[in-house]
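Below is one structure, written out as structure tokens; comments come after it.
The values are calculated or read from the model by the stated rules, or taken from the named source; none is laboratory data. Treat the numbers as computed from the prediction; the structure is a model and nothing was measured. Note that we place each Cβ from the backbone using ideal geometry, even for glycine, and neighbour counts take in every protein chain shown. Each accessible area value is taken on the protein alone, full model and side chains, heavy atoms only, with ligands, DNA and RNA left out. Shrake-Rupley method; radii C 1.70, N 1.55, O 1.52, S 1.80 Å.
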Amino acid sequence: MKAIDRREFLKLAGIGGVVFASGLGSMAFAADKKAGMEDFFFVQLSDTHWGFDGAKANPDARGTLQKAVAAVNSLQKQPDFIVFTGDLTQTTDDPQERRKRLGEFKEIISQLKVKNIRFMPGEHDASLDNGAAFKEFFGDTHYTFNHKGINFIVLDNVSDPTASVGEAQLLWLGTVLKKFDTNDRIVIFTHRPLFDLYPQWDWATRDGAKVMDMLMPYRNVTIFYGHIHQEHHHVTAHIPHHAAKSLIFPLPAPGSVPKRAPVLWDPAMPYKGLGFRGIAAEKAKKEFAITEYPVIKG
Amino acid sequence: MKKKNAWSWLTLVFLAALLGVWCTSVMADQPTQVVKMTAKRYEYTPNEITLKKGTPVILEITALDRLHGFNCPDLGLRADLTQGTPATIRFTPQKTGRFPFHCDIFCGDGHEEMAGAIIVTE
């Protein structure tokens, strides 16, 4: 695939939006067209909560995911892969119902044109059964893969209902990281924030600081996550964290209101605050360009 | 001069010891407020607790139906609540204000609503 420049990339991607440059350095697009180097992009969707029922928050809870699938399919250029960062389904106490929802979710997203799809659980999918049902449908809850020179690590901070990664997974992470050079590009996908975004609303990971300590020696780490149902950007030292919008209902900004509760549906602005994002990996610049897309074109 | 300094130091140490004994005695006389709470899906009862700054408190929280968590980050209070076994949290609030607490062990569909507040007054 030939290298593309930023303007051409955005045109190819279709719907415009606010573009956020993640990582250090300027927003200047790579002029370096060394042989063999190529840019690519992937799409992040999060917090689809299939099975949620609450008309005041989303009267189209049974249709929003399908619209998101259609929106991703309508991108002029399809992503190399798609990642869902957890809370695929709404929690239920009933193990059968949990599996029904996971199955329905899987069926709906099977309509995506791109078949290279990565999954991880959220607490709604996995905290009540330590991820047992999730694993039946989607496999491992933590794993790694490499795509065009970038190392992707999926961390599970939800199968343990105390919102911990846990010692066993931390050991595993250590063995994974040992294989990388400190300048290698690493992307972390996870569900909950790995820093204390707002612990008063349970927006944290109990042993997130341990994860961050392990990542600190690596100079090119970027974290993408979900859980908080809104776009949010934060930097810990040199490591950026990017939270994604949900595809069910937005949540208020941290601490902006007394209670963490869904932002109610506005019929005058349907699907407001819901969306997905495209993330462009610019190999020559070692930074990501993030484009936020609405569920429905405005 | 050296002898005078030595006596001054001894006097200071003696006065400090007296002060320590007095403080301990005052604290020992402070009544400890015991607040009993329960936790079950998806509520704490009571879910609002009013305390006085400087008064020692014991929170005794019993989970009625399953494992829950109690987390009040602004006051640095945290405990696992095992079903049927009261968890005890001892502290003396040092600042006034409203300090939210919540369940931090995922417990089901209403988990995000399982919350309350500690209110500390002068």
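For A:Ala284, no residue 5 or more places off, or on another chain, has a built amide H under 5 Å of its own.
For the range A:172-205, backbone nitrogen atoms closer than 19 Å to the point 7 Å from A:Val235 Cα along Cα-to-C-beta are found at A:183-188, A:194-197.
The mean accessible area for residues of the protein assembly as shown, using a 1.4 Å probe and ignoring ligands and nucleic acids, is 46 Å² per residue. Between chain A and chain B, the total buried accessible area stands at approximately 1300 Å², from heavy atoms with a 1.4 Å probe. Along the range A:246-263 the Karplus relation, 6.51 cos²θ - 1.76 cosθ + 1.60 evaluated at θ = phi - 60°, assigns HN-Hα couplings of 9, 10, 9, 7, x, 10, x, 4, x, x, 6, 9, x, 10, 7, 9, x, 6 Hz to successive residues, with x for each Gly and Pro.
Shown in residue order for the range B:104-119 are the 3J(HN,Hα) couplings computed by the Karplus curve 6.51 cos²θ - 1.76 cosθ + 1.60 at θ = phi - 60°: 10, 10, 3, 10, x, 4, x, 3, 5, 8, 7, 7, x, 8, 9, 10 Hz (x for Gly and Pro). Placing a pseudo-label 7 Å from each Cα along the Cα-to-Cβ vector at A:Met214 and B:Lys52 gives an inter-label distance of 4.9 nm. Remark on A:Val83: its backbone amide H falls under 5 Å from those of A:Val43, A:Gln44, A:Leu45, A:Arg118, a criterion applied only to residues 5 or more positions apart or on other chains, H modelled at 1.01 Å from N. Within the shell defined by Cβ-Cβ distances under 14 Å, the residues around B:Gly97 carry a net charge of +1, with Lys and Arg each +1 and Asp and Glu each -1. Listed values for the range B:39-56 are Karplus-derived 3J(HN,Hα) couplings in whole Hz (6.51 cos²θ - 1.76 cosθ + 1.60, θ = phi - 60°), namely 9, 8, 4, 10, 7, 9, 10, x, 9, 9, 10, 10, 10, 9, 4, x, 8, x, and x replaces Gly and Pro. Using the charge dipole of the protein assembly as shown (Lys, Arg: +1 at Cβ; Asp, Glu: -1 at Cβ; taken about the Cα centre), state which of B:Leu67, A:Phe105, A:Thr236 has its Cα farthest towards the positive end. Among B:Leu67, A:Phe105, A:Thr236, the one farthest towards the positive end of the dipole of the protein assembly as shown is A:Thr236. The value of relative contact order for chain A, using C-alpha pairs under 8 Å at least six residues apart, is 23 percent. Amide H to amide H, with H built 1.01 Å from N, A:Tyr293 comes under 5 Å of A:Phe276, A:Arg277, A:Gly278, counting only residues 5 or more places away or on other chains.
For chain B, the relative contact order is 25 percent, taking Cα pairs closer than 8 Å that sit 6 or more residues apart in sequence and dividing their mean separation by the residue count. The accessible-area loss of the range A:56-97 on complex formation, taken against its chain alone with a 1.4 Å probe, reaches 40 Å² or more at A:Thr91, A:Asp93. Name the shape class, rounded, prolate or oblate, that the alpha-carbon gyration tensor gives for the range A:82-159, where a ≥ b ≥ c are the square roots of its eigenvalues, rounded holds for a/c under 1.5, and otherwise prolate holds if a/b is larger than b/c and oblate otherwise. Taking the square roots of the gyration eigenvalues as a ≥ b ≥ c, the range A:82-159 is oblate.
Using the Cβ-Cβ distance between B:Asp65 and A:Asp80 with R0 = 51 Å, the FRET efficiency computed as 1/(1 + (r/R0)^6) comes to roughly 0.65. Here the label points at A:Lys179 and A:Asn146, each 7 Å from Cα along the C-beta direction, are separated by 0.8 nm in the simple model.
Taking the 1.4 Å solvent-accessible surface of the range A:188-278 as the whole, the part contributed by carbon and sulfur is 60%. For the protein assembly as shown, the share of DSSP beta bridges that are antiparallel, to the nearest 5, is 60%. When the Cα gyration tensor is reduced to axis lengths a ≥ b ≥ c, the ratio a/c is 1.5 or higher for the range A:204-298, and with a/b not above b/c it is classed as oblate.
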